Amino acid sequence: MKINKGRFTAEVEDDFVLFIIGMRINKFFSFHKWIPVLRAMGPMIKELYRNPQLGFLHTELLISWRTVTLIQYWRSFDQLEAYAHGKTHLGAWKDFNKKIGNDGTVGIFHESYRIAKNDTESIYSNMPRFGLGKAQSLALVTKKTNSARERINK
């Protein structure tokens, strides 16, 4: 992974959607319940990266003790919603409800945020492309974008 030496900021060109989705393992030893839920995300992510016309831009994976979280960037809420109602996601959702339902072994969550292009600020120092800087393009920090306030007001 290439490290971009120096200070960079995300160059956001359009409004976008930040989508946070994940699962929480509530009963750790119920492997037969949570492993299929965990595995269901992989094929969806592969499908999204292979089909940029769906509106998906990028995802970052975060893993903590009981929680797996994906931070995703989408071009629009309409495209995110269309994917949620599409065959691949609906199949995974139906499978979750059939096998898990309300039994409490595995929790799932998501949050969606519409973000205007001028309502963002980011900094990446000596980092590979990451997060919003990977979903969008990167720009070197200049005198005009040196502080967080200057970047958010650009």
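Counting only helical runs of four or more DSSP H residues, what would the 222 nm mean residue ellipticity of the chain come to if each run contributes -39,500 (n - 2.57) and the total is spread over all its residues?
-9500 deg cm²/dmol
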Count of lysine pairs in the chain with Cα separation under 21 Å (8 or more residues apart, or interchain):
22
Using θ = phi - 60° and Karplus 6.51 cos²θ - 1.76 cosθ + 1.60, couplings along segment 84-94 (whole Hz; Gly, Pro as x):
4, 8, x, 4, 5, 5, 4, x, 5, 5, 4
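Which FRET efficiency value, to the nearest 0.05, is calculated for residue 119 and residue 79 with the Förster distance at 22 angstrom and r the Cβ-Cβ distance? Intermediate values should be presented prior to the final figure.
Working: r = 19 Å, r/R0 = 0.88.
The pair residue 119/residue 79 has a calculated efficiency of 0.70.
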Give me, ordered by chain and number, the residues 5 or more places off residue 76 or on other chains with an amide H under 5 Å from its own placed amide H.
17
Within segment 36-97, DSSP-loop chymotrypsin sites (Phe, Trp or Tyr not before Pro) with at most 12 other C-beta atoms within 10 Å are 65
Taking θ as phi - 60°, what are the ³J(HN,Hα) couplings along segment 74-83 by the Karplus curve (6.51, -1.76, 1.60), each to the nearest whole Hz, with x for Gly and Pro?
10, 5, 8, 5, 4, 5, 4, 5, 4, 5
Take the alpha-carbon centre of segment 25-47, take the same for segment 70-87, and report the distance between them in whole Å.
20 Å
So for the chain, using the alpha carbon gyration tensor with a ≥ b ≥ c as root eigenvalues (a/c under 1.5 gives rounded; past that, a/b versus b/c decides prolate or oblate), I'd call it prolate
Relative contact order of the chain, pairs being alpha-carbon contacts under 8 Å that are 6 or more residues apart, as %
45 percent
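List the trypsin sites (Lys or Arg not before Pro) within segment 41-103 that fall in a DSSP loop (any state other than H, G, I, E or B) and whose Cβ has at most 16 other Cβ atoms within 10 Å.
Working: sites: 46, 50, 66, 75, 87, 94, 98, 99; in loops: 66, 75.
Those that pass, being in a loop and sparsely packed, are 66.
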Could you go through segment 18-31 in sequence order and give the Karplus-derived ³J(HN,Hα) for each residue, using 6.51 cos²θ - 1.76 cosθ + 1.60 with θ = phi - 60°, rounded to whole Hz, and x for Gly and Pro?
9, 10, 10, 9, x, 9, 10, 7, 8, 10, 3, 7, 8, 3
5 angstrom amide H check on residue 11, placed H, neighbours 5+ away
137, 138, 139
Extension gain residue 99-residue 63, at 0.36 nm per residue separation less the Cα-Cα distance, in nm?
10.6 nm
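None of the figures in this text is laboratory data; all of them are computed from the coordinates on show. All figures in this text were calculated on a predicted structure; none of them were measured in a lab. Don't worry about glycine lacking a Cβ; one is built from the backbone with ideal geometry, like all the others, and counts go over all protein chains shown.
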